[in-house]
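Below is one structure, written out as C-alpha cells, with a few remarks after it.
The values are calculated or read from the model by the stated rules, or taken from the named source; none is laboratory data. Note that the structure is predicted; figures quoted are calculated from it, not measured. Every residue, glycine among them, receives a Cβ derived from its backbone with ideal geometry; neighbour counts consider all protein chains shown. Areas reflect the complete protein model, heavy atoms only, side chains present, ligands, DNA and RNA absent. Shrake-Rupley method; radii C 1.70, N 1.55, O 1.52, S 1.80 Å.
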Amino acid sequence: MKFQSICISGILLLALPLLAQSNAGELHLKVLGPDRRPLKASIDLFSDAFQFHRSLTTDDEGGTVVRNLPFGRYRLQVQSESFSAYNGLIEIRSALPTEHVVNLSIAAVSTAINVTATSTLLDAESARAPDHIDQQQIDNRLTSLPGRSLQDLVNSQPGWLYEGNAVLHPRGSEYQTQFVIDGIPLIDNRSPSFGPEIEADDVDSMNIYTAGIPAEYGRKMGGVVEVNTLRDAQAGLHGDVALAGGSFDTASAFARLQETWGHNTVGLSSSGAMTAHYLNPVVPENYTNRGTTGDFSLSFARDLTRKDYLTLSVRHEISRYEIPNEFVQENGAWVPNAVNTVGCPPVPPAEEPSDCVFIPGGQLQNGDNFETMGSVSYQHIFSTDTIGWLRGMARDNSNDFYSNPASWPINVTQHNDFKEIYFNGSVAVHHGRQEWKAGVESDALFLQENFSDYLPDCSGPLGPSGSQCGIQLGLFDPGSAVTFAFADSRPDLEQAAYVQDLIRLGNWTVNAGLRWDHYQLLVNQNAVSPRLAISRHFPSAGLNVHISYDRIFQTPSFENILLSSSTAVLDFDPISLRQNVLPSHGNYYEAGLTKALFGKLRLDATMFRRDVNNYADDDAILNTAISFPIAFRKAILYGAEAKLEVLHWGKFSGFGSYSYIVGNCWLPVVGGLLLGSESGVAVGPSGTLINTQLTGHLPDSQDQRQTIRARMRYQVASRLWVALGVDYNSGLPFEPDESPQLYATEYGQVVINHLNFNRDRISPYFTQNASVGVDLYEHEKRSVRLQGDVENLGNTLELIDFGGLFSGNALGPSRSFFLRLASEF
C-alpha cells in the first residue's frame, strides 16, 4: 500500500425537554392578571447574542416552561387580550429553574423596561466567543444532500473544514469531533460514509465549542457540538412536515409529531431520503453514487412530580450507499505497471504491452450503516440550589462494505459492529456567584471486526495477465497475500470524573474545571486535564475579551483499530510496521474578543494554537472505504478566525467569516499501521522491520490557509426574502505519487487542471449560492413556507480533496437546484 506523506486529517434521539447543554438552564414563567388569577398569554423570548427566538403559549394555569436556555440575557414579551403588554429583561445564570412571575394590568399603557435589541447583543458573562445555531438559521439553511444536513450547518462556522464525504475537521483535527445529543456524547465518526445521519430538521438548536471546552467533555476534543433536539412542551398536538427535492434525483421527507396532555409528552419522528450524489464523487461524471437514508424514533416524557422529570426514547436509523468510481474503475483502461514511466495506449493494441496492465472496469462497491439506540434520562431538584441528573444509553451500530468481482486492485469485504453501554451522573449547585457542577461517566464499547480481501487477476481482451493487478501496478509489495481474512473482538472501557465552577466577579467571568480520564483498549492510560477560561466585559465599550486554556486527552478512533494493531497484518503485506495507537495529549490556547458595533453588528475575532503529542490521524487501504487510525509524533496548528454578523439592520441580516490555519505534523508515525515499502518501512539487517521516516515534518492535510464564507439575506416583503452567499477556499495540500498523465487517466484532465504541482496544493475555488423564501400561509401556530436554492451558481469544479479517502479525491456538487416545502402546526 502507498502511504501518503501528508498527515491525512481526514441516533439521534428525539428526546423531550431535559437539560442537554453544558451551561444551560430553564425558565419557569407564570402570567397573572390584576386579580392574581392565571392568564392565557402569548410569550416571546429573544436573545440576539444567540439569535434565539421562541414563541409559546401559557397553559390554563398561566404557566409555561422553556428549557435548554444557554446562560445569558433574554428579552421577554408577554401579551394577553384586553391586558397591557409586558416587555422586559430576564437572565438565565443557573442550571436550576429560574422562576419568574409577570403581572399584567388593564392599563391602557404597556408595562415595559427600556429594552432594545442591543440589550442582548452581547453576553456579558460568557467566557468564550458565541457559537450558537438556533431554529431560524436551521429553518432557513441551504438545502443539503442526504446524509449531511447537520454537518453542513457546523461546517458553515469559522474554523471548520470538510475533507471528502462531509468528514468534519475542527481546526485541523482528524476524526476528533464529538456530537453530544441531548446530553449523550457520541464519539464515533458521524459522517455519511461512517454513521447514520443526524437530520437537521430534527434539531432545535446547537452550541459549538473549539476552545473553552467545559470539563464535562472529553475523549474527542477537536470540536464539541452540543445538539439539542428537544422542543418545549405545548398542550395539544404539534408537529412539522418537510418535503424537499431537486438535482441528482434527490428527494427527502421528514415528519415530527408531539402530543402533550397533563404531565405527559409523546414524540414521534420519521424521515427518509434518496439521491444520486450521496458521497463526494472522484470524477465529474459522478459514477456509482446512489444512497438512501431512513430513521424512526419514539419518545416519552413525564413530569413525575414538581421536582422529578423522566424521559425515555428509542431510535432506529439506516443508510445504504455506493462508493464512487473513477474512470478506470468504471470504464476500464490500460494502465502503466510499476516500471512504466511513459504511459499506455487508450485503446487495446494488437498485442498486450509488456509494461501495461488492462483493468476491465465495472467496479461496484457498496456500504451500509445500521444503528438502534435507546436512552433514559432522569432529573431531580434536591433543593432551591441543587439539581441532579442521571442518563443512560445503549446502542448497537454496524457497518458493512461489499465489493463486486470487478473491483480492483483489491476486493474487500468488511462487517464491523460495536455495542455500547453508556452512563453518566452529575449534580449542579448554585451558590452566590458560583455555579458548581460535578459528575462521573462510564462508557463500555464492545468492538467486533471482520475483514477479508483478495487481490484479483488482471484480465482483458487478451486474456488473464497471470498476476495480481495490485502487485503489477506497484501498489502492493511482492509477497503480499492473495487472500487475507481477519476477525477479532475486544472491549473498549473508558471512565471519567470532572468538576467545574463558573464564577462571576462583577465584569469578570471565570470558568475553571478539572477532568480525570481512564482509557483501556490497546493500552491502559490515565490523564488529568485542567481547563480554564476567563473573560472581561467592558460595558462602556460594548466589548468582551476572553482567553482560554484546555488540556486535552483524546482517545484514538476505534474504526478498524483491532485490525491495524494485529500481528496478522504481516500476512496481508510482509513489509508492514504495526504499533499500538496511543491517546493524544495536548494543549489548546485561545485569545479573542467580541465587540458590538452600532447596536446592529457583532464582531468575533480569535487567535488560537494547538500543540498535540501523538497527533491522531488516519490512513486507508488504497481506494476502499476501509480506514484505520494512526498517530504522528506531534503536531502544531495555529491560526486566526473572524466573524462579522449583521443581526438586524433594516431589512438586512447575515454574516461574513474568515479563517486562517497553518498545520504541521512531525515524523515519525508512532502509532497505527504502515503498509508497504513506500510507507517508509524497510527490512533491517536482522530481518526486522524498521521505520525509516524518523525526522522532518509534513503539512497537515487540513492546512488550508484561507477560507472565506458569507451569506446575506434581504427581507423583500413581510412574507418574502432573498439571500446570496459565497464560499472561497484557497485549497488543501496534496502529495503527488503518480505522474500528471497517470492521474489524468484515472480522474480526467479537467480535474488535474485544478492541481498546482509546483506548490503541491489544490487550486483555489470560489462558489456562489442564492435562495428565495416565501411564507405561503401563517396563522397563529400554523405556517407553510417554500424555499428554493441554487447552489454553485457558476458551476465551478470544486475539488475539495485530492489523494484522500476512497478513490483518491473528492469533488463538490456541480450547479444544483432544490425546493423545500415546510409546514408547522
For the cross-link pairs Lys643/Lys781; Lys40/Lys651; Lys220/Lys307; Lys40/Lys307; Lys40/Lys595, which exceed 27 Å when the distance is taken from alpha carbon to alpha carbon?
-> Lys643/Lys781; Lys40/Lys651; Lys220/Lys307; Lys40/Lys595
Determine the percent antiparallel among the DSSP beta bridges restricted to the chain, to the nearest 5.
-> 95 percent
Given the Cα-Cα distance of Val726 and Arg433 and 0.36 nm per residue of separation, how much length would full extension add, in nm?
-> 101.1 nm
For segment 489-497, just list the computed ³J(HN,Hα) in residue order, Karplus coefficients 6.51, -1.76 and 1.60, θ = phi - 60°, integers in Hz, with x standing in for Gly and Pro.
-> 8, 6, x, 10, 10, 9, 9, 7, 9
Report, ordered by chain and residue number, the aspartates and glutamates lying within cross-link reach of Lys437, taken as a straight Cα distance under 18 Å and ignoring same-chain residues fewer than 8 apart.
-> Glu26, Glu125, Asp182, Glu216, Glu226, Asp385, Asp501, Asp517, Asp550
What's the FRET efficiency of Arg759 with Val65 using the Cβ-Cβ distance as r and R₀ = 45 Å, to the nearest 0.05?
-> 0.20
Can you work out ³J(HN,Hα) from phi for every residue in segment 653-669, in order, using Karplus 6.51 cos²θ - 1.76 cosθ + 1.60 and θ = phi - 60°, giving whole Hz and x for Gly and Pro?
-> 7, x, 7, x, 9, 9, 10, 10, 9, 10, x, 9, 10, 9, 6, x, 6
One finds, for Val774 and Leu390 with R0 = 45 angstrom and r their Cβ-Cβ distance, a FRET efficiency to the nearest 0.05 of 0.45
When ranked by the protection proxy of mean other Cβ atoms within 10 Å per residue, highest first, what sequence do the peptides 373-381, 316-324, 647-655 form?
-> 316-324, 373-381, 647-655
Which ³J(HN,Hα) values, rounded to whole Hz and listed in residue order, are derived for segment 746-755 from phi using the Karplus coefficients 6.51, -1.76 and 1.60 in 6.51 cos²θ - 1.76 cosθ + 1.60 with θ = phi - 60°, glycine and proline given as x?
-> 7, 10, x, 5, 5, 6, 5, 5, 9, 10
Accessible area expressed per residue, the chain, with surrounding protein chains retained (probe 1.4 Å, Å²) = 36 Å²
Given H placed 1.01 Å from N in the peptide plane, which residues other than close sequence neighbours of Lys40 have an amide H under 5 Å from its amide H?
-> none
Using only Cα atoms, locate the centre of segment 497-532 and the centre of segment 747-825, then give the distance between them in Å, rounded to an integer.
-> 39 Å
Under the classification rounded if a/c is under 1.5, otherwise prolate if a/b is larger than b/c and oblate if not, where does the chain fall, given a ≥ b ≥ c as square roots of the Cα gyration tensor eigenvalues?
-> prolate
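For segment 700-825, which whole-number percentage of the solvent-accessible area (1.4 Å probe, protein heavy atoms only) is attributable to carbon and sulfur atoms? Mind dumping the intermediate values first?
Values: 3080 of 5480 Å².
C and S fraction of accessible area: 56 percent.
Determine, for each peptide in 141-152, 356-367, the mean count of other beta carbons within 10 angstrom over its residues, then list the peptides with the highest first. Could you put the intermediate results ahead of the total?
Numbers: 141-152: 23.9, 356-367: 20.8.
Ranked by mean Cβ neighbours within 10 Å, highest first: 141-152, 356-367.
Given a Förster radius of 41 Å and the C-beta distance between His28 and Lys651 as r, what FRET efficiency does 1/(1 + (r/R0)^6) yield to the nearest 0.05? Write out the running numbers ahead of the final one.
Details: r = 36 Å, r/R0 = 0.88.
FRET efficiency, His28 to Lys651: 0.70.
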At what distance in nm do the modelled label points of Asn450 and Lys419 sit from each other, each positioned 7 Å from its Cα along Cα→Cβ?
-> 1.4 nm
Compute log10 of I(q)/I(0) for segment 484-558 with the Debye formula, placing one identical point scatterer on every Cα and leaving out solvent, at q = 0.11, 0.13, 0.15, 0.25 Å⁻¹, to two decimals.
-> -0.48, -0.58, -0.67, -1.11
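Per 0.36 nm of contour for each residue apart, how much would the distance between Lys307 and Arg719 grow if the chain were fully extended, relative to their Cα-Cα spacing?
Numbers: separation 412, 0.36 × 412 = 148.32 nm, distance 4.24 nm.
Full-extension gain reported as 144.1 nm.
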Take the solvent-accessible surface of the protein heavy atoms, probe 1.4 Å, and return the percent of it on segment 145-246 that carbon and sulfur atoms account for.
-> 57 percent
Dipole in debye (nearest 20) - segment 504-586, about Cα centre, beta carbon charges: Lys, Arg +1; Asp, Glu -1 = 600 debye
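If you take every residue apart from Leu505 with its C-beta less than 15 Å away from the C-beta of Leu505, what net charge results, scoring Lys and Arg +1 and Asp and Glu -1?
On the way: positive: Arg93, Arg433, Arg504, Arg536; negative: Glu125, Glu435, Asp501.
Net of charged neighbours comes to +1.
Quick one: grab the alpha carbon gyration tensor of segment 178-281, order the square roots of its eigenvalues as a ≥ b ≥ c, and give me rounded if a/c is under 1.5, else prolate or oblate depending on whether a/b is larger than b/c. Each step should come with its number before you reach the end.
Values: a/c = 2.67, a/b = 1.05, b/c = 2.55.
Because a/c hits 1.5 or more and a/b fails to exceed b/c, segment 178-281 counts as oblate.
Assign one of three labels to segment 123-176, namely rounded, prolate or oblate, based on the Cα gyration tensor with a ≥ b ≥ c the square roots of its eigenvalues; rounded applies when a/c is under 1.5, prolate when it is not and a/b is larger than b/c, and oblate otherwise.
Working: a/c = 3.29, a/b = 1.23, b/c = 2.68.
Oblate, since a/c reaches 1.5 and b/c is not below a/b.
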Could you please state how large a percent of the accessible area of segment 496-646 is carbon and sulfur, counting protein chains only and using a 1.4 Å probe?
-> 64 percent
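Ranked from highest to lowest mean number of other Cβ atoms within 10 Å per residue, what is the order of the peptides 522-535, 289-302, 164-177?
Working: 522-535: 16.8, 289-302: 19.6, 164-177: 27.0.
Top to bottom by mean Cβ count within 10 Å: 164-177, 289-302, 522-535.
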